[in-house]
1. Inside the stretch 93-109, can you point out the residues that are touching a His at 6+ places or on another chain (Cβ under 8 Å) and at pLDDT 85 or above?
2. Hey, among the residues in the stretch 211-227 that are in a helix (DSSP H, G or I) and more than 19 Å from N195 (Cα to Cα), which one's modelled with the lowest pLDDT?
3. What are the pairs with Cβ atoms under 6 angstrom where one residue, in the stretch 297-324, is in a helix (DSSP H, G or I) and the other, located anywhere, is among the charged types (D, E, K, R) and buried (at least 23 other Cβ atoms within 10 Å of the Cβ)? Sequence gap at least six, or different chains.
4. May I ask you to say which residue of D184, D241 is at pLDDT below 80, among the charged types (D, E, K, R) and more than 23 Å from the chain's Cα centre (by Cα)?
5. In the stretch 388-403, what residues are within 14 Å of G334 (Cα to Cα), in contact (Cβ under 8 Å) with a residue 40 or more places away in the chain and not charged (D, E, K, R)?
6. If only one of A528, A518 is at pLDDT below 90, more than 16 Å from N361 (Cα to Cα) and either out of contact with any Pro (no Cβ under 9 Å at 6 or more places or on another chain) or not in a loop (DSSP other than H, G, I, E, B) (or both), which one is it?
7. Give me the residue from the stretch 347-359 that is in contact with a Ser or Thr (Cβ under 9 Å, 6 or more places away or on another chain) and surrounded by fewer than 16 Cβ atoms within 10 Å (Cβ to Cβ) and, out of that set, farthest from Q105 (Cα to Cα).
8. Does any residue in the stretch 356-378 that is without any contact (Cβ under 8 Å) to a residue 12 or more places away in the chain come within less than 8 Å, Cβ to Cβ, of a residue that is surrounded by fewer than 24 Cβ atoms within 10 Å (Cβ to Cβ) six or more places away or on a different chain, and which pairs are these?
Amino acid sequence: MSIFKKLGWFFKQEKRHYIIGVTSLILVAIFQLIPPKVIGIIIDEIAEDNIHLKIILGWVVVLVLAAVAQYIFRYIWRTNIWGSAARLEKDLRRQLFDHFTKMDQIFYQKHRTGDLMAHATNDLNAIQNVAGAGILTFADSFITGGITIIAMILFIDWRLTLIALLPLPLLAVTSRVLGTKLHDAFRDAQEAFSNINDKAQESITGMKVLKTFGQEQEDIADFSRKIDDAIIKNKRVNFLDALFDPFITLIIGLSYVVTIIIGGNFILNDTITIGQLVSFISYIGMLVWPMFAIGRLFNVLERGNASYDRVAELLSNKTHIIEKENAIHEAPKGTLEFSIRNFYYPDSKEETLKNLQFVVNEGETLGIVGKTGSGKTTIMKLLLREFDDYAGQITFGSRNIKDYTLDALLGSLGYVPQDHFLFSTTIRDNIRFIDPTLPQSEVEQAAQLADIATDIEEMPAGYDTLVGERGVSLSGGQKQRLSIARALIAKPEILILDDALSAVDAKTEEAILSNLKAARQNKTTIIAAHRLSSVMHAKEIIVIEEGQIIERGTHQELLALGGWYAKMWAKQQLEAKITRGDI
């Protein structure tokens, strides 16, 4: 029953609806008592040879009125209880999705996508069942059952009622024992479902890789193992759940046997009438569903309890990126200055960045180059406030970036990452993702700057072309250029290109950089790249190695140094000549 306590906040919020719903359930239970009582009275009238048409019609009217009343109150409790349960699911889904949007990079490194999807589907459905089916079965098992037992005492005989209900304590003991085991078993089953969900999502996303390396059968085998594990755990849930019904049937059977034996003896002794015994047996029949409801109740509650614990654990995670109470809402602009003494990734003992200092004045372009894993992308992540735990500070417009609200800061940044993510909608809506109301003219202008306009116009549906999930229908270069167009349409103060030109040829790269230089004369641009031609026109270029700057200067100055940059430039120029066939 602890799940009811955990959901106390919601029951208080929906108090009025639940009071109406439960009251209606009680009234339905009361009106259900009328038919068995009427049947008993009619049987006694028949036994006494005191029956005639007027009496029959009178009782028929009573039965019809009781049926109509049950219909009305059933409608009332359904709209109030099921309606409230739907609102709980809606609130929790909104709360969970809102939580997902606020969480930081650490959270998504810790939790798998498939697991998060399972929380947002299976677990929330189980919790909703507590607020709907849980309340219903609670009312049926205790309120309806209790009212029926009271009627048996008042209308028939308290001694017969007591004797007939003697087997019931066994049900309470069994429910207690099985309920605890069911909670643990269902939690394991939900985790197994999360594993299946995560595996399916990962396999579908990586299908091209699986096929390329011929690993389809191995992946199917791995998926089958996870399915088998889930089946085993769900079988345990079903086994424990199935133990309730046979046990309840046994209890009801014992009650019938006791009732017939003792009730028959009471009739012989004129303690009760035949009609009362028939009514009593009907009331026992009415107790069948409340008793089955007890089993279902524990099932619903334990499933909901396990799921609520999983969701609550997820919601208890706190983001490490915290806005200040009086954070600045005005979008920053001006000089960008990095001064980082050191930065460690969470759970890492190795410095990723150290003694990193550079300044980018408004309107300038900074180039960042270095080996893979040298720390280029980490610089971008700190600027985007994906991580805040570092020694030093980053200022934008003479203010620490932590002084701004996230919306203000990120609204001034246009980021094109290495991993280009496109939504499964049209090209137009991907470009104007920041504002779906932007006119077609601005969309086309951004496409021109990213040198993707010609490609789009050659497509059968043009800007209405659906890109597919994650842009599956486009080439790598097209996805990169669409991502650049999406960033440019926001007209950011700082445009960040994180190896965003790696999939385009040299001619396209030159065209894009030329467009950016002309269109963003008073805006800042940061370009991280492996291909040095992407940064050769930058105001300053810094070379990163093991998280620190080992060379800095203009293109010509770095060539004159004869260091890493000069050697890499010579190597890439040679590769370009070989590719063109000049050698």
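The values are calculated or read from the model by the stated rules, or taken from the named source; none is laboratory data. From a predicted model like this one, the values you see are computed outputs, not experimental measurements. Counting neighbours? That spans all protein chains shown, and the Cβs are built from the backbone with ideal geometry, glycine included.
1. Kept after step one, since they are touching a His at 6+ places or on another chain (Cβ under 8 Å), are these residues of the stretch 93-109: 96, 104, 106.
Result: L96, single match.
2. Looking only at the stretch 211-227, we keep the residues that are in a helix (DSSP H, G or I), and these are 211-212, 216-227.
Those left that are additionally more than 19 Å from N195 (Cα to Cα): 211-212.
Values: K211: 67, T212: 64.
It comes out as T212.
3. Hits for this filter: S307/D123; R310/D123; V311/D123.
4. Values: D184 fails: more than 23 Å from the chain's Cα centre (by Cα).
That would be D241, the only listed residue that is at pLDDT below 80, among the charged types (D, E, K, R) and more than 23 Å from the chain's Cα centre (by Cα).
5. Just the residues of the stretch 388-403 that are within 14 Å of G334 (Cα to Cα), to begin with: 394-401.
Still in the list and also in contact (Cβ under 8 Å) with a residue 40 or more places away in the chain: 394-399, 401.
The answer is I394, T395, F396, G397, S398, I401.
6. Details: A528 fails: at pLDDT below 90.
Every option except A518 fails the conditions.
7. First, the residues of the stretch 347-359 that are in contact with a Ser or Thr (Cβ under 9 Å, 6 or more places away or on another chain): 352-353, 356-359.
Next, only the ones that are surrounded by fewer than 16 Cβ atoms within 10 Å (Cβ to Cβ) stay: 357, 359.
Values: Q357: 24, V359: 26 Å.
The selected residue is V359.
8. Once the first residue is without any contact (Cβ under 8 Å) to a residue 12 or more places away in the chain and sits in the stretch 356-378, no partner that is surrounded by fewer than 24 Cβ atoms within 10 Å (Cβ to Cβ) comes close enough.
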